[in-house]
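The values are calculated or read from the model by the stated rules, or taken from the named source; none is laboratory data. None of these values were measured; they are calculated from a predicted model. With ideal geometry, Cβ positions are generated from the backbone for all residues, glycine too; neighbour counts draw on all protein chains shown.
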Amino acid sequence: MNDIIKIEHLVKKFGDLTAVSDVSLSIKEGEIFGLLGPNGAGKTTTINMLLTLLIPTSGKITIAGMDLQKSHAKAKQLMGLMTQETVVEADLTARQNLQLFAELYHIPKQEVGKRIKEALEESDLMAFADKKTGTFSGGMQRRLGLVRAMIQEPKILLLDEPTTGLDVQNRTTMWDRIKELNKDGTTILLTTQYLEEADTLCDRIAIIDHGKVIALGTPSEIKRIAGSGKILEVVVGNNDAQKVVSLLKSKFGIIATAKGEKVTAILEKGKESEFTKISAAIDREKVDVLSIGEHLPTLDDVFIKLTGKGMRDESGEMKGGRMGGRWR
Ligand SMILES: Nc1ncnc2c1ncn2[C@@H]1O[C@H](COP(=O)(O)OP(=O)(O)O)[C@@H](O)[C@H]1O
Ligand SMILES: [Mg+2]
């Protein structure tokens with residue numbers, strides 16, 4: 001497959017801060033590629049450079065074989081964008097939002113009416129066509145944002161955190177739409193803080209932290225970074241976490257990390273079978289165990305292994321549901 005986006009040694013500095021630090025990656029035509037990383041990782045900055053909304057400090061971007069710096073007008077026609085913050089213009093109606101983008105992308109006058117009608121139907125917003133979008137729910141705004149980004153039928157769709165803040169139902173609807181658009185031939189580059197989103201939606205993922213790509217590959221390739229074994233997870237009460245860490249070290253030679261009430265450790269191949277023994281040993285120590293279990297590595301386990309920190313939910317606490325977590 002051809003590389004439709006090629007990013008080479010991309011750097012963006014804001015004064016002393018390096019927001020994007022020597023990023024190189026290629027996106028193949030027809031794939032869904034995810035940039036997964038916590039808040040401040042450099043995702044939006046990267047997207048904005050692809051659209052020439054920001055000028056790179058250094059590095060090179062090639063879109064469909066064209067050097068972005070030299071052919072930016074032509075390259076931009078190939079890309080549709082749904083931004084993270086201002087998904088749609090709040091003071092305009094749904095129809096006006098679509099008209100604005102139709103003009104921006106020079107859609108032929110005789111085509112505009114048809115495209116807008118299709119977009120309103122597709123987003124299930126026909127009944128709200130002439131209402132100001134500021135009154136719309138988050139889910140409605142994103143639905144409109146998505147069809148607006150597709151109004152010029154771009155080959156490449158850039159989605160900056162398309163589901164952040166959406167409830168589960170709206171998120172699932174958005175995922176279905178993204179999958180459909182991809183099936184119809186659109187290459188999709190999305191950014192996300194949601195592990196589950198990257199895992200279920202993306203053909204390939206780049207995990208990014210502090211402006212650097214720290215892992216790149218298919219979800220299963222990346223998960224293998226956390227080891228070929230399993231992940232042990234013990235949740236304790238009574239401030240017993242440290243007790244479990246010491247026990248694992250002294251009795252089993254396993255290095256574990258404790259975060260709040262949760263202790264995690266990688267059980268490398270060969271040691272996975274010791275789960276029963278470990279479980280029994282912890283029991284004997286009269287640790288207040290709330291839960292103990294093992295699972296195959298997740299993207300979060302990879303992130304912990306590579307950076308020493310894990311995913312957090314909105315309150316900053318460690319999240320219980322493993323794949324439901326997000327970074328903030
Ligand atoms: N215009 C700007 N001026 C200064 N710093 C910025 C600007 N835009 C982003 N940053 C900083 O660059 C880093 C990356 O930001 P961003 O790309 O928005 O991250 P993400 O989208 O992954 O949350 C952050 O530390 C952010 O504060
Ligand atoms: Mg962002």
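Here are the numbers:
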{"quantity": "Hey, Pro38 surrounded by 16 or more Cβ atoms within 10 Å (Cβ to Cβ), in contact (Cβ under 8 Å) with a residue 40 or more places away in the chain, assigned to a loop (DSSP other than H, G, I, E, B) and more than 16 Å from ligand 2 (Cβ to nearest atom) or not", "calculated": "no"}
{"quantity": "Hits in the stretch 145-155 (condition: out of contact with any strand residue (DSSP E or B) (no Cβ under 7 Å at 6 or more places or on another chain) and either surrounded by 18 or more Cβ atoms within 10 Å (Cβ to Cβ) or over 20 Å from Lys114 (Cα atoms) (or both))", "calculated": "Val147, Arg148, Ile151"}
{"quantity": "Test set (1) in contact with an Asp or Glu (Cβ under 9 Å, 6 or more places away or on another chain); (2) over 23 Å from Met174 (Cα atoms) - Tyr194 fails condition number", "calculated": "(2)"}
{"quantity": "Qualifying position, being crowded, with 21+ Cβ neighbours inside 10 Å and either at pLDDT below 95 or more than 16 Å from the chain's Cα centre (by Cα) (or both), among Leu158, Leu166, Leu232, Leu189", "calculated": "Leu232"}
{"quantity": "Considering residues of the stretch 65-80 that are among the small types (Gly, Ala, Ser) and assigned to a loop (DSSP other than H, G, I, E, B) only, the residue nearest to ligand 1 (Cβ to nearest atom)", "calculated": "Ser71"}
{"quantity": "Residue in the stretch 49-68 that is touching a residue at least 24 places away in the same chain (Cβ under 8 Å), buried (at least 20 other Cβ atoms within 10 Å of the Cβ) and within 16 Å of ligand 2 (Cβ to nearest atom) present", "calculated": "yes"}
{"quantity": "Residue under evaluation Gln152, criteria (1) more than 30 Å from Ile278 (Cα to Cα); (2) polar (S, T, N, Q); (3) out of contact with any Phe, Trp or Tyr (no Cβ under 7 Å at 6 or more places or on another chain), criterion not met", "calculated": "(3)"}
{"quantity": "Subset of the stretch 22-64 (residues that are near ligand 1 (Cβ under 10 Å from one of its atoms) and among the polar types (S, T, N, Q))", "calculated": "Asn39, Thr44, Thr45, Thr46, Asn48"}
{"quantity": "Hey, Ala94 closer than 27 Å to Leu166 by Cα, within 16 Å of ligand 1 (Cβ to nearest atom), among the small types (Gly, Ala, Ser) and over 16 Å from the mean Cα position of the chain (by Cα) or not", "calculated": "no"}
{"quantity": "Residues (farther than 20 Å from Ile27 by Cβ and within 16 Å of ligand 2 (Cβ to nearest atom)) located in the stretch 121-174", "calculated": "Arg142, Gly145, Thr164, Gly165, Leu166"}
